[in-house]
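Notes to accompany the following structure.
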Amino acid sequence: MHAYDKAYVYDAMEILGEAFDFAACAQNLGTQRFFDLFVQTGVADAFGGGSPRYVAGVSGIELVLMVGEQAGAPLAVPPATRHASLDRTPEYWSGWILAYVQWRSGRTFASLGAAVRVEDLLRLYKPLHEASEDRAADEIEALIDGGDRLVRLKTIRQARGMTQLQLAEAAGTSLRAIQQYEQRVKNIDKAAGIKLYALAQALGCKMEDLLEFNSPASS
């Protein structure tokens, strides 16, 4: 069940995206700190309930300033202020997709924040920022519901619309190897450099984008 009328959701996504970007890039507040205050002040409840005042009546910059004021920590706006960075920075995308996940799932921001941190969303930027909002939301909700880390290889492969077999053929490796990496039976962090390079080339990403870091699987 959606949290509020769909007519507001894309405005809400842009507002929260701009808020995350402004908090991190112009206020040096940090996206996680802003999000925590957003929840603690109760603004998140009003925003998540579709209050027009918040999901359509303010800009992202104004939302950050309102949260700061309600938290008892008024923020100063830089002199030349028209923070015009509406580019899809990782911070912008994190707020943008979080607003969509909250709307689509009907969960509260507090419950989402308890299950996934902003830093987790930031790590998902590269594999998912070019995917549709529904595709990205599917992955994020799977992460929340499953309580497990997403496999980067799988996330990037699916975002590119490739099957495991197509990737195996494009990278010149076996289907079984792809399956083992995605199931964490084999640790991709310990894969030979030539294999990582071939996978990255086939997926159009950097080699480091595929690394899991501290994966429990054996090599």
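One table, with the values for the structure above:
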{"item": "Scan of region 139-169 for residues that are at pLDDT 90 or above and either within 19 Å of Leu211 (Cα to Cα) or not hydrophobic (A, V, I, L, M, F, W, C) (or both), ordered by number", "result": "Thr163, Gln164, Gln166, Leu167, Ala168, Glu169"}
{"item": "Residue check for Leu122: open to solvent by 50 Å² or more (accessible area, probe 1.4 Å), touching a helix residue (DSSP H, G or I) at 6+ places or on another chain (Cβ under 9 Å), hydrophobic (A, V, I, L, M, F, W, C) and touching a residue at least 24 places away in the same chain (Cβ under 8 Å)", "result": "yes"}
{"item": "Count - residues of region 80-92 that are at pLDDT 70 or above and not in a helix (DSSP H, G or I)", "result": "2"}
{"item": "Odd one out for Gly50, checked against (1) open to solvent by 30 Å² or more (accessible area, probe 1.4 Å); (2) at pLDDT 90 or above; (3) not in a helix (DSSP H, G or I)", "result": "(1)"}
{"item": "Cβ pairs under 6 Å, 6+ apart, first in region 194-208 and touching a residue at least 24 places away in the same chain (Cβ under 8 Å) and surrounded by 15 or more Cβ atoms within 10 Å (Cβ to Cβ), second outside any helix (DSSP H, G or I) and not β-branched (Val, Ile, Thr)", "result": "Ala198/Gly172; Leu203/Arg160"}
{"item": "Those residues of region 1-30 which are within 20 Å of the chain's Cα centre (by Cα) and free of Cβ contacts under 8 Å to residues at least 40 places away in the same chain, in sequence order", "result": "Tyr10, Asn28, Gly30"}
{"item": "Selected residue (only one of Val64, Val77, Val101, Val58 is in a loop (DSSP other than H, G, I, E, B) and modelled with pLDDT of 90 or more)", "result": "Val58"}
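Residue-wise test of (1) among the small types (Gly, Ala, Ser); (2) outside any helix (DSSP H, G or I); (3) touching a Ser or Thr at 6+ places or on another chain (Cβ under 7 Å); (4) open to solvent by 20 Å² or more (accessible area, probe 1.4 Å).
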{"position": "Pro127", "(1), (2), (3), (4)": "no, no, yes, no"}
{"position": "Ala136", "(1), (2), (3), (4)": "yes, no, no, no"}
{"position": "Leu143", "(1), (2), (3), (4)": "no, no, no, yes"}
{"position": "Arg184", "(1), (2), (3), (4)": "no, yes, yes, yes"}
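The values are calculated or read from the model by the stated rules, or taken from the named source; none is laboratory data. Because the structure is predicted, anything quoted here is derived from the model rather than measured. Reconstructed Cβ throughout: ideal geometry from the backbone, glycine too, with neighbour counts over all protein chains shown. Heads up: the accessible areas ignore ligands, DNA and RNA and are worked out on the full protein's heavy atoms, side chains in. Shrake-Rupley method; radii C 1.70, N 1.55, O 1.52, S 1.80 Å.
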